[in-house]
1. When you look at residue B:663, is it more than 19 Å from residue B:430 (Cβ to Cβ), β-branched (Val, Ile, Thr), touching a Pro at 6+ places or on another chain (Cβ under 9 Å) and within 14 Å of chain A (Cβ to nearest Cβ), yes or no?
2. Which condition does residue B:656 not pass, out of (1) more than 14 Å from chain A (Cβ to nearest Cβ); (2) modelled with pLDDT under 90, if it passes all the others?
3. Looking only at segment B:666-682, count every residue that is aliphatic (A, V, I, L, M), more than 9 Å from chain A (Cβ to nearest Cβ) and within 30 Å of residue A:27 (Cα to Cα) and tell me the total.
4. Working only within segment B:15-39, note down all residues that are surrounded by fewer than 18 Cβ atoms within 10 Å (Cβ to Cβ) and part of a helix (DSSP H, G or I).
5. Looking only at helices (runs of 4 or more DSSP H) that fall completely inside segment B:214-285, which ones have 3 or more residues that are within 13 Å of the chain's Cα centre (by Cα) and not β-branched (Val, Ile, Thr)?
6. Would you tally the residues in segment B:581-600 being surrounded by fewer than 14 Cβ atoms within 10 Å (Cβ to Cβ) and hydroxyl-bearing (Ser, Thr, Tyr)?
7. So, of the residues in segment A:1-38 that are in a loop (DSSP other than H, G, I, E, B) and either away from chain B (no Cβ under 14 Å) or buried (at least 17 other Cβ atoms within 10 Å of the Cβ) (or both), which turns out to be modelled with the lowest pLDDT?
8. Identify, from the list B:620, B:576, the residue that is more than 14 Å from chain A (Cβ to nearest Cβ), surrounded by 13 or more Cβ atoms within 10 Å (Cβ to Cβ) and β-branched (Val, Ile, Thr).
Amino acid sequence: MVPLGHYLVLSGILFAIGTAGVFLRRNLITVLLSIEIMLNAVNLTFVSVGRSLGTVDGQIITFFVMTVAAAEAAVGLAIVIALFRHRETLSPDAFTSLKW
Amino acid sequence: MLLLIPLLPFAGFVANAFFGRRLQKAISGGIACLAMVAAFVVSLVAAWPLLGHGGHPVEQVVYTWLASGDLDVPFALRLDQLSALMILVVTGIGSLIHIYSTGYMHEETDSEYARYFAYLNLFASFMLVLVLGASFPVMFVGWEGVGLCSYLLIGFYYTKQSAADAGKKAFVVNRIGDFGFILGMLLIFVTFGTLDFQAVAAAVATRAPETSTMGVLTIATLLLFVGATGKSAQIPLHIWLPDAMEGPTPVSALIHAATMVTAGVYMIGRNAVLFSHAPMTLEVIAAVGVATALMAGTIGLVQNDIKRVLAYSTVSQLGYMFLAMGMGAYAAGIFHLYTHAFFKALMFLGSGAVIHALAGQQDMRHMGGLKKYLPITYWTFFIGTLAIAGIPFFAGFFSKDEILYKTFVGTPYHHGSMVLWIVGMATALLTAAYMFRLLFLTFHGAERFATAGHGDAPGHNAHGHAAGHGHHGAPHEAPMSMAVPLIILAIGSTIAGFVGVPHALGGHNTIEEFLEPVFEVHGAATAGEAQPVTEPAVPPAIPAEAGHGPAAAGDVGTERMLMAVSVGVAGAGIFIALYFWLWQPSAAARLAQQFGGLYRLLHNKYYIDEIYDAVIVQPIKQVSTGALWKGMDAGLIDGSVNGVGATVQGASSSLRRLQTGSVRTYAASLFFGAVLILGWYLWS
């Protein structure tokens, strides 16, 4: 039996990797992928804590998160395609026209 | 029944105001005249029982107007001897002036004509409310209403700058007086808890007169008197009346001579009991009245505009009425009001006929010798002049002598005063002089007028346009519609005084006895059954009962002597006028040159307008412009509003730099924000 602490550490590492990806990568698709990693880190936390407490709440929430993540990926990818058609680039720094 | 009296002219106003524009002159004028004549007939019917037929005063409560806590003001009309006299004067003379106006205003366009008659009817309606009102607030409705109509009618030729200005001036000056009236009314309500005239009189009667103290009654009556000076053109608020001559001449006759300006006198008569209890106020009223009479008389002597002379003469005669009121000779004051209404309306209408004949010319230096062209106007005007000058057996003689006699011997409310009497006599001399000057300059002597056609003299009003169509060379006599009212008024000016022939001439002072009940409190008798006044159980603490009637008996000799003096004075005045303006016209000019300073002082009306302008109007303008407009409004209020805007703009111009547009910056700030908040909760 793996103790809860291990799961939480793994989850934290995954979340950190995802966050770093969002901030550091220069490709919007990779940024989206990093967001998926962060979501899954959270899912892992839910499931493991749920199991350790002996309830199913964590698993239920995880299903919701997965549904939303799927929808988000669909919308996000569509936006990315639209942006690419517009500017011929996928760097997030190219899209700063919505400023003062 | 009583309600019908003001309602009839009001119906005329409504008809002309809403449909007059599309009506022919004959119809709109006819409606207006019919409304007035009908009101006169109703007034006669209503007043008939009171006119020596054993009737009692009647009251009609139309509806409860204001009811709030202690305050309960019904919209009530009351007809007693005083208001009966007033409604007969207002509707009677008003009708004649309406008829006259149909001729005088005939050259106006249809819609202007209807507008004129709408205003005139509205005025009559308000005036009737004023005199019939049974309490201060109802009177105040009429009081304000006539002020409004006066403004509208003075500024009737509103395209003319001077007329528009004169209207504004009249309105503003009247407002000052109205302010005093409101304050007086409030003080009375606070003191007595009622605003009904009879209830107030009954409450006052239980108090002792404020002979030596300056109590609440004195203050209240002084405030009311401020209102009266505004409406009745007394010093210091007399300045609007001469300027009011910018209006059409029949308006001057109706409003600024016969009716509205007498409202102040009427108001004091209506509250005689109240004023009798404030001897100090009576002193003030008498002094102001006699000062106004003298001042206006002297100014009238040197004015050249025919209507302005009459205007100052009106101010002067109103001064006489206030002198009478101040002496406590209320009946004499009202008597003079009544006779004055006849002869002053007559003279104004006569001057209107002259102006009409000369196509708008108002300057007496350009008249003269009109007697042979305008015989009806001349003879009627002559009768009016005799009446105002105080020639025996014309209307003005009886009323003016009554006032001067009462001034000399005193009344229960005021001791006789030699000084006031002498000033009054001096004014009588002036009156005779300036009125006959007017008569001689206008109707006698050389013909100095330019024949119509190039009659576009300065000072012309709308009648100047008449020059264009169909006026032949010589001045023409007034048409029937104008001549008939003149003749009726001339008859009135001759016989109106016979209701008040003094005992000294073997007559019977009917009018004084007729009016006496109004000026005293005997609650039940005056109030009739309509007014459940708290019975003034105590007979008035004032020595009112002792005074009237018997006082005269012993002084027949005195009265006859005074009468002889006043006739002599009037004769002297006429002689002065004859000498200076008929026999030796150059002597007048020489005298004016010799006393150049005095002449200019009088000609410029004692510079009162200029003084008011310098002392009041200009400082107010400067404070308004410098401090209130530029400092307060533009500086402080606009400044603070604009300052708030500028501050927000400045702050946001630096803050908006945070909005970089870079998605990753936003994400970073979101992340670190979340970390900070979570950290705060975890560590604390």
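1. yes
2. (1)
3. Residues of segment B:666-682 that are aliphatic (A, V, I, L, M), as a first pass: B:667-668, B:670, B:674-678, B:682.
Filter once more, so that each one left must be more than 9 Å from chain A (Cβ to nearest Cβ): B:670, B:674-678, B:682.
Checking which are within 30 Å of residue A:27 (Cα to Cα) leaves us with B:670, B:674-678.
Count: 6.
4. From segment B:15-39, those surrounded by fewer than 18 Cβ atoms within 10 Å (Cβ to Cβ) are B:17-19, B:21-22, B:24, B:26-27, B:30, B:34; that's our starting set.
Result: B:17, B:18, B:19, B:21, B:22, B:26, B:27, B:30, B:34.
5. On the way: elements: B:216-232, B:240-243, B:249-253, B:263-270, B:272-276.
Correct list: B:216-232, B:240-243, B:263-270.
6. Result for segment B:581-600: 1.
7. This residue is A:1.
8. Matching residue, one of B:620, B:576: B:576.
The values are calculated or read from the model by the stated rules, or taken from the named source; none is laboratory data. Fair warning: this is a prediction, and the values are worked out from it, not measured in the lab. Every residue, glycine among them, receives a Cβ derived from its backbone with ideal geometry; neighbour counts consider all protein chains shown.
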